[in-house]
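K.L.:
Got a structure for you, written out below as structure tokens; questions coming shortly.
The values are calculated or read from the model by the stated rules, or taken from the named source; none is laboratory data. Every value quoted in this text rests on a predicted model; they were computed, and no experiment measured them. Please note: Cβ atoms are built from the backbone with ideal geometry, for glycine as well, and neighbour counts cover all protein chains shown. Accessible surface is based on the protein model in full, side chains and every heavy atom, while ligands, DNA and RNA are left aside. Shrake-Rupley method; radii C 1.70, N 1.55, O 1.52, S 1.80 Å.
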Amino acid sequence: MRFVHDTLPQRVRFATGEAAEHLAQEVRDLGATRVMIIASRRQRVVAERLVTDLPVIAWHDDIAMHVPRTVAERAGHIASMHAVDCLVSVGGGSTTGLAKVVALKTALPIIAVPTTYAGSEATPVWGMTENDHKQTGADPPALPRAVIYDASLSQSLPVGTSVASGLNALAHSIDSLWAPCADPINATLAAEGIRALASGLPSVKAGPDDLAAREQTLYGAYLAATAFASAGAGLHHKICHVLGGMFGLPHAQTHAIVLPHVLTLNAPHAEDAERRIAAAFGTPTAKGGLRLLRERLDPPTALRDFGMPADGIAPAAQAVLAEAPPHNPASLTTDNITALLRAAWKGGPS
Ligand code: NAD
């Protein structure tokens, strides 16, 4: 065994119903006295309940997917105008993503309070969009200092969004097993992430108020994001990045649709990943495990349902081939990537 593994410096507090208390504790630990809250208008009521004991001096509630530069600049301006000393984000990946870009420019610490299963809070990966181009990077200041997990905050997430977001988390685990910096530590985190997500998500689907199921899903989403943060982006993430950029497709749904097709392509060429995924699902094969899970979740299946045009398949295939990681388990060709994208576009079995 021979590997190099980075562990990221971040505190995680996990307790259902205790977010307000834990948030106040983290703000005290940082010695912060001028806090800015970043939360969308929809999440503002939730955020207001959490921050009553904090020294809040500024709010920013203008959140947009993929962090437009103009929005990041406005938020950064508010932070410097009020001499803010700590950012608190309350929301999904888009909200956390905005806090990350502000932190990158200002070096302010972030305390993240996630309300979806996107997992952005556990990674230093950031993204910002300008003129339809998404610039991304991975930088230590973008990593939240602390994450406050509270399963009750995701109870209001509609079932369909919960399923898509949970499958986005599952994709972090599965893709990390063949990503450029895959190692035995993040493979272990990824496998436990798969097990927890496969156990929690069907119960979230059956009963969105089931807090134990929401806890399992949130715990799995954190592990999956940690594995992804360490292993880097594999083929699946490169494909979704290309599709999101070219066609403005919704993030979680795109991941949910593409994942079975990437697993079908790679699993036969990735013996260790195949074994770990199947064991985590408790099924004879990885593909069979994912199929059984999806049958219980009724997730989105076709990219065409989200507005991807049929004539986008060929240019997307070329873009994926240009961006794909060099050591993907299956050899990549125009034919097999085109077939993968066509199947994901059309829907149906992978
Ligand atoms: P999102 O943050 O855009 O949220 C999706 C929708 O759900 C929004 O309308 C939001 O208002 C709503 N919502 C969020 N929490 C809710 C709740 N508890 N109840 C009701 N509604 C709620 O989507 P997302 O999937 O969480 O995040 C996607 C973004 O995160 C993308 O931009 C993606 O690039 C980024 N991301 C980054 C990383 C990373 O490591 N950097 C990882 C995953 C995702």
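K.L.:
What is the angle, in °, between the Cα long axis of helix 184-206 and the longest principal axis of the Cα atoms in the chain? Nearest 10 is fine, range 0 to 90.
P.N.:
So the helix axis and the longest Cα principal axis differ by about 80 degrees.
K.L.:
A follow-up question, please. Please state the relative contact order of the range 170-234 as a whole percent: Cα pairs under 8 Å, 6+ residues apart?
P.N.:
Answer for the range 170-234 is 50 percent.
K.L.:
Relative to the first principal axis of the alpha-carbon coordinates of the chain, what is the inclination of helix 251-266, with its axis defined by its Cα atoms, in degrees from 0 to 90 and to the nearest 10?
P.N.:
Helix 251-266 sits at roughly 30 degrees to that axis.
K.L.:
What trypsin sites (Lys or Arg not before Pro) does the range 22-126 have in DSSP loop regions with at most 10 other beta carbons within 10 Å?
P.N.:
Loop-located and lightly packed - R41.
K.L.:
Once you have a ≥ b ≥ c as the square roots of the Cα gyration tensor eigenvalues for the chain, tell me rounded if a/c is under 1.5, and otherwise prolate or oblate according to whether a/b is larger than b/c.
P.N.:
Because a/c hits 1.5 or more and a/b exceeds b/c, the chain counts as prolate.
K.L.:
Report the Stokes-Einstein translational diffusion coefficient (µm² s⁻¹, integer) for the range 159-346, Rh taken as the Kirkwood radius over Cα pairs, at 20 °C with viscosity 1.002 mPa s.
P.N.:
Taking Rh from Cα pairs, D becomes 133 µm²/s.
K.L.:
In the chain, with Lys and Arg counted as +1 and Asp and Glu as -1 at Cβ, which of these residues, L170, L321, N131, has the Cα nearest the positive end of the dipole, that is, farthest along it?
P.N.:
L321
K.L.:
Counting only protein heavy atoms and a 1.4 Å probe, tell me what percentage of the chain's accessible area is made up of carbon and sulfur.
P.N.:
53
K.L.:
Please report the net charge: other residues with Cβ closer than 15 Å to the Cβ of G289, K and R +1, D and E -1.
P.N.:
Charge balance in the 15 Å sphere: +4.
K.L.:
Let me ask another. List the residues whose amide H sits under 5 Å from the amide H of G92, counting only those 5 or more places along or on another chain, with H placed 1.01 Å from N in the peptide plane.
P.N.:
Result for G92 returns T115.
K.L.:
I would also like to ask the following. Reachable lysines from K287, Cα under 23 Å, same-chain residues fewer than 8 places away excluded?
P.N.:
K205, K238, K346
K.L.:
Run lengths n ≥ 4 of DSSP H only: what is the helix-derived mean residue ellipticity at 222 nm for the chain, with -39500 (n - 2.57) per run over all residues, to the nearest 500?
P.N.:
Value at 222 nm, helices only: -17000 deg cm²/dmol.
K.L.:
To make sure I understand the rule: partners must be lysines, Cα under 16 Å from the Cα of K100, and not fewer than 8 residues away in the same chain. Which ones qualify?
P.N.:
Output for K100: K134.
K.L.:
Taking the Cα centre of the chain as the origin, how large is its charge dipole in debye, to the nearest 20, when only Lys and Arg (+1) and Asp and Glu (-1) carry charge on their Cβ atoms?
P.N.:
Using only the charged Cβ atoms, the result is roughly 280 debye.
K.L.:
Relative contact order for the chain: what is it in percent, counting Cα pairs under 8 Å that are at least 6 residues apart?
P.N.:
14
K.L.:
Here's something else I'd like to know. Tell me the relative contact order for the range 187-288 as a rounded percent, counting alpha carbon contacts under 8 Å between residues six or more apart.
P.N.:
25
K.L.:
Then there is this: Treating the beta-carbon of each Lys and Arg as +1 and of each Asp and Glu as -1, no other charges, what is the dipole magnitude of the range 11-154 about its Cα centre, to the nearest 20 debye?
P.N.:
120
K.L.:
So what are the radius of gyration and Dmax for the Cα set of the range 11-154, in Å?
P.N.:
13.6, 41
K.L.:
To continue, here is another question. What is the calculated FRET efficiency for E48 to E130, with r their C-beta to C-beta distance and R₀ = 30 Å, to the nearest 0.05?
P.N.:
It comes out at approximately 0.45.
K.L.:
Which percent, to the nearest 5, of DSSP beta bridges fully inside the chain are antiparallel?
P.N.:
Of the beta bridges lying entirely in the chain, close to 20 percent run antiparallel.
K.L.:
What length, rounded to one decimal in nm, is gained on full extension from R11 through to A310, with 0.36 nm per residue of separation minus their alpha-carbon distance?
P.N.:
103.2 nm
K.L.:
Moving on. Toward the positive end of the charge dipole of the chain, about the Cα centre and with charges on Cβ (Lys, Arg +1; Asp, Glu -1), which of A72, A112, A256 goes farthest?
P.N.:
A256
K.L.:
Right, another one. So how strong a dipole does the range 189-298 carry about its Cα centre when Lys and Arg Cβ are +1 and Asp and Glu Cβ are -1, to the nearest 20 debye?
P.N.:
That gives the range 189-298 a dipole magnitude of about 180 debye.
K.L.:
Using a 1.4 angstrom probe on the protein heavy atoms only, could you order D62, D6 from most to least accessible area?
P.N.:
Most to least solvent-accessible, the answer reads D6, D62.
K.L.:
Now for a different question. What do you get for the angle between helix 271-281 and the principal long axis of the chain? Use alpha-carbon atoms, 0 to 90 degrees, nearest ten.
P.N.:
The two axes meet at around 60 degrees.
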